[in-house]
1. Based on other C-beta atoms within 10 Å, arrange ASP92, ASP399 from fewest to most.
2. For region 107-179, what is the relative contact order in percent, using Cα pairs closer than 8 Å and at least 6 residues apart in sequence?
3. Give the shape of region 398-470 as rounded, prolate or oblate, defined through the alpha-carbon gyration tensor: a ≥ b ≥ c are the square roots of its eigenvalues, a/c under 1.5 means rounded, and otherwise the shape is prolate if a/b is larger than b/c and oblate if not.
4. Calculate the all-directions average of the projected area of region 154-413's alpha-carbon convex hull, and give it in nm².
5. Using amide H atoms built 1.01 Å from N in the peptide plane, name the residues 5+ places from ILE299, or on other chains, whose amide H lies under 5 Å from its own.
6. How much net charge surrounds ASP232 when only the other residues with a Cβ under 10 Å from the Cβ of ASP232 are counted, with Lys and Arg +1 and Asp and Glu -1?
7. From the backbone phi of region 419-435, what are the Karplus-calculated ³J(HN,Hα) couplings (6.51 cos²θ - 1.76 cosθ + 1.60, θ = phi - 60°) in whole Hz, Gly and Pro given as x?
8. Which order results if ILE299, ILE88, ILE156 are arranged by neighbouring Cβ count within 10 Å, fewest first?
Amino acid sequence: MKRVLRQWLAGLLSVVLVFTLLPAAALAEEADGPTEHITVQQVQALIDALPDADTITADNRADVEAQLAAIDAAKLELTVDEAAALDITRYDAAVEAIQALDDMTGADEPRTIAANVPYIGTDGTGETCLSATEVESSITAWNNDEGWYVVNGSVIVSDRITVTGNVNLILADGCTLTALLGITVNTGNSLTIWGQSGGTGTLIAKGGTDPTGLYGEPNAWLAGIGSGSQGDKCGAITINGGNVKATAEEGWNAGIGGEEAKITINGGNVTATGGRYSAGIGAGSENGADGSNPVTITINGGTVNAHGGGATAAGIGAGATGHGANITITGGNVTAVGVEEGAGIGGARDNTVTSKIEISGGSVTANSSGNNPAIYGDFSTGSEPDGNAVIYASGIISDKSKQNNWSGIIFERNAGTVYGDQTLRPGFALTGGQSLTVGNQASLTVPSDMTLTVPSGVTVTNNGTINVGT
């Protein structure tokens, strides 16, 4: 994914005439070469290449927006500390200049309507939206009356977007929407995101920022996508396709979610990073402070990467305080990272309600820091005995009360166990230092078109049944 992003950035930078500032070798590597990390200096060079704000006009606006989109994409690869080291004075001035153009143009101009817009439905087949409003930089109120919106081209919206009613957003292939202050989806409202056949449409949503850390900034409580201010409850967010990158920046909310959020991911490529004390996907820092319900998170497919914001918040699940989360994973490739004592998936140490986690399918990696649980809460592999998830937990799974009913291939640290009747799926591999035990009354089937390689230093213990070539 990083290599693809670098290739895209390199092409985009050549268009906006700043290619020489950032060598292509730093962005796009050969497939068999090492991957370099984008540096603060390289991103700063992009920012410094922005034109003076007083020279930005309607004529060069598109070029400037392309530069800003490239900067936003590059910043996503920096750590929080690296991003804080940037001098974004020119960036902010450019954004304000574009906003001034919007103010002069006016937000009440006739909407541009796109007809017969294709998208991929939840069953993977092509669907058509007969009429969709094209997203423009001046349109910040998305509502049920218009219903369907489509991103065509590169669009930057500098104000917070607010969803009212049931809104659908199509990310057209090759197009990017950058929401510099994110998207509000408060309780009673819903946002559903769709992709097209290539899956290359992108949404970048950035929440609030509070560099003082004292709750003093007016935008400190903005989720990347989700609730819009302190105390607001979140509505329903569904992602079916496209590339969605959401971060709460230095604020106090989730990358995707917020208090009482209902989040469903069926497909696409989703990357989310939480703000202070907040989950990457799930609850903000204070979910349940007034007795509200846990967040609900369902992942059925797609590629998902979620990072918690520290201070015991989970990568996917609960924030540091308040209630926990109800989490169901049935498919997809999921990676969840908790830092500063946070679990990869589940709840936090100071939650007043225990999180419930059910993982019955997909490939799931849960990483925690230190010796903290990687999966923290009431854990099961589903109510049916045919769960087939492959779970990699960097630490322990805190709850083993239902272990006799587990089904799947589950690693705690480097020790893997086969539970129930499992068939190897493409991509499964053992690595050095791991062990795999086929449990009592369990079976592992290696299909005839697959090979299970046991590297040096890896042990496989069979206490059940291993079927090869069936």
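1. ASP92, ASP399
2. Relative contact order, region 107-179: 27 percent.
3. Oblate, because a/c is 1.5 or more while a/b does not exceed b/c.
4. On the way: hull surface 50.6 nm².
Computing the convex hull of the Cα atoms and averaging its projections yields 12.6 nm².
5. Close amide H contacts, sequence-distant or interchain: ILE265, THR328, ILE329, THR330.
6. Once positives and negatives cancel, what remains is -1.
7. Result, ordered by residue: 10, x, 9, 10, 10, 4, 10, x, x, 6, 8, 8, 10, x, x, 8, 9 Hz.
8. Working: ILE299 28, ILE88 17, ILE156 22.
Ascending number of Cβ neighbours within 10 Å: ILE88, ILE156, ILE299.
Every number here is computed from the coordinates shown, using simple stated rules; none is lab data. From a predicted model like this one, the values you see are computed outputs, not experimental measurements. Positions of Cβ are backbone-derived with ideal geometry, glycine not excepted, and every protein chain shown enters the neighbour counts.
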